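Read through the structure below, which is laid out as structure tokens, and then see the notes.
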Amino acid sequence: MLEAGMKAPDFSLPDKEEHVIHLSDFLGKKVVLYFYPKDNTPGCTRQACAFAGSYEKFRAKDVVVIGISKDSTASHRKFAEKYELPFILLSDPELQAIQAYDVWKQKKLYGKVSMGVVRTTYVIDEQGIIEKVMPKVKPDTNAAEILAYLEEGK
């Protein structure tokens, strides 16, 4: 597991418009990087909508919000349009960032074991260093918890 104080792994992933985005593009800004399992599922939709609802507060603090899943860019485009998501969604079907951030784990659901993304959020500082790790976050409270954390650090 990556920990606070470690350098955040850089990545190159396409957004919903097929533009390649690098984490290093945001040096000088604080980044909230959240990993989620799948577009248009109940928990992931609630989490994304909570970030969308708080987006102006993140922007006011000059914080970049990035969501990453292994869904396709087309899936991200539809998801973002359907729920009016104003932040960056990145597609990681090859698990480049998902594995670099150690969120690809064995999961158990109704006794069935499979591999998948464990909902995790990282706060990365202006120098590209992981400032906070939030493993196994709850979709409904994740955005509010991060905003509260950012308020404390003023």
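The values are calculated or read from the model by the stated rules, or taken from the named source; none is laboratory data. Given the structure is predicted, the values throughout are model-derived calculations rather than measurements. In this analysis, Cβ positions are derived from the backbone assuming ideal geometry, glycine residues included, and neighbour counts consider all displayed protein chains. Heads up: the accessible areas ignore ligands, DNA and RNA and are worked out on the full protein's heavy atoms, side chains in. Shrake-Rupley method; radii C 1.70, N 1.55, O 1.52, S 1.80 Å.
Summary table below
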item: Amide N of the stretch 124-151 lying under 17 Å from the label point, which is placed 7 angstrom from the Cα of LEU27 along Cα→Cβ; result: 124-131
item: Computed E for GLU56/SER12 - FRET, C-beta separation, R0 41 angstrom, nearest 0.05; result: 0.90
item: C-alpha center-to-center spacing [the stretch 87-154, the stretch 30-52] in angstrom; result: 9 Å
item: Rounded accessible area of ASP62 (nearest 10 Å², 1.4 Å probe); result: 80 Å²
item: Surface share of carbon and sulfur [accessible, 1.4 angstrom probe, percent] for the chain; result: 52 percent
item: Accessible surface ranking that places the most exposed of TYR36, TYR149 first, with a 1.4 angstrom probe; result: TYR149, TYR36
item: When each of LYS78/LYS112; LYS7/LYS30; LYS7/LYS82; LYS78/LYS136 is checked by Cα-Cα distance, pairs over 24 Å; result: LYS78/LYS112; LYS7/LYS82; LYS78/LYS136
item: Cα-projected label distance for ARG46 with MET115, points at 7 Å along beta-carbon direction, nm; result: 2.9 nm
item: Most to least accessible of VAL123, VAL133, VAL20 (protein chains only, probe 1.4 Å); result: VAL20, VAL133, VAL123
item: Dimensions (Å) - the chain, Cα atoms, principal axes, largest first; result: 43, 33, 29
item: Ellipsoid equivalent to the stretch 1-90 - semi-axes via the Cα gyration tensor, in Å; result: 20, 16, 13
item: Calculated FRET value between GLU94 and ILE129, using beta carbons and R₀ = 25 Å, to 0.05; result: 0.50
item: Heavy atoms of SER114: accessible area, 1.4 Å probe, square angstrom to 10; result: 50 Å²
